[in-house]
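What follows is a set of notes on a single structure, which appears directly below.
The values are calculated or read from the model by the stated rules, or taken from the named source; none is laboratory data. The shown structure was predicted, so the numbers you read here are calculated from the model rather than taken from an experiment. All Cβ positions, even for glycine, are placed from backbone atoms using ideal geometry, and neighbour counts span all protein chains on display. These accessible areas exclude ligands, DNA and RNA; they are computed on the full protein's heavy atoms, side chains included. Shrake-Rupley method; radii C 1.70, N 1.55, O 1.52, S 1.80 Å.
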Amino acid sequence: RWPDELAYAAGELLGRELQASRAGYGPLNTDADTIILGRNYSAPGMRNLGGAFPLRDYGSFIDELKRGDAVVINDTATDPRTRDNSAALEGVNVRSLVNIPVTEQGGLVAMLYVNTASPRIWNEEEIAFLREVADRIRTAIERRRAEEAVRQNAARLAFLDALGRETARNKDADAVLDVTTRMLGAFLGASICAYADM
């Protein structure tokens, strides 16, 4: 899927540029406080993470993300937001991290993350760079979503036009139903498409 491919490409560029252990971009479920990790960049020797990760298992920084603040932690073992969860973080080889929130219409929807297996002091230039990358990823994903919506809408309109032409050739109701269900089933890729009076 293209969002995963885009997120991976951005994560790989970031990971190599910043010499990070892991980097990626994932959607957030703010009801469950989880990030969904798809394909992400992992440096050689690092385990590739995937699936849903409950962020509160790794510290209290989710509250900052919800406020729209970047989370910068130079050492997870000593930072008050993560020190009580440092064993869980070290279990996934994280000793420093930067999490950049991505918001849409005022709500937190995703996060760009970069982390390292050893403590690291992140400078303002790096954080500004990560913010810019997060903005560009969000913009690219939104553009692709808009393009996909236009494509799907055009396909629907073309289908309705073709259906209108085909059904106009038939005067019998049963023939119209036969054409409609056959064409709709093919358009939707359905194995069965039927109409019934209730």
On the principal axes of its Cα set, how long, how wide and how thick is segment 38-93? Give whole Å, largest value first. 30, 23, 18
From largest to smallest, what semi-axes in whole angstrom does segment 81-198 give when each is the square root of 5 times an eigenvalue of its alpha carbon gyration tensor? 55, 18, 10
When averaged across all projection directions, what area in nm² does the alpha-carbon convex hull of the chain cover? 15.3 nm²
Cα-based equivalent ellipsoid of segment 1-113: semi-axis lengths in Å, sorted from largest, via gyration tensor: 19, 19, 12
For segment 68-141: accessible area per residue (Å², 1.4 Å): 47 Å²
Excluding GLU132 itself, calculate the net charge of residues whose Cβ lies under 14 Å from the Cβ of GLU132, where each Lys or Arg counts +1 and each Asp or Glu counts -1. -2
So what does VAL109 come to for accessible area, using a 1.4 Å probe and Å² rounded to 10? 50 Å²
Taking the Cβ of GLU17 as the centre, find all other residues whose Cβ is under 13 Å away and add up their charges (Lys, Arg: +1; Asp, Glu: -1). -3
Where in the chain are the DSSP H helices whose C-alpha atoms run 15 Å or more along the long axis and whose mean Kyte hydropathy is at least 0.0? 173-188
Sum of side-chain charges, PHE61 neighbourhood, beta-carbon under 15 Å (Lys, Arg +1; Asp, Glu -1): -2
Multiply the residue separation of ARG56 and ASP75 by 0.36 nm, subtract the distance between their alpha-carbon atoms, and state the gained length in nm to one decimal. 5.1 nm
Put SER42, SER60 in order of accessible area, largest first, probe 1.4 Å, and you get SER60, SER42
Convex hull over the alpha-carbon atoms of segment 104-157: what's its volume per residue in Å³? 105 Å³
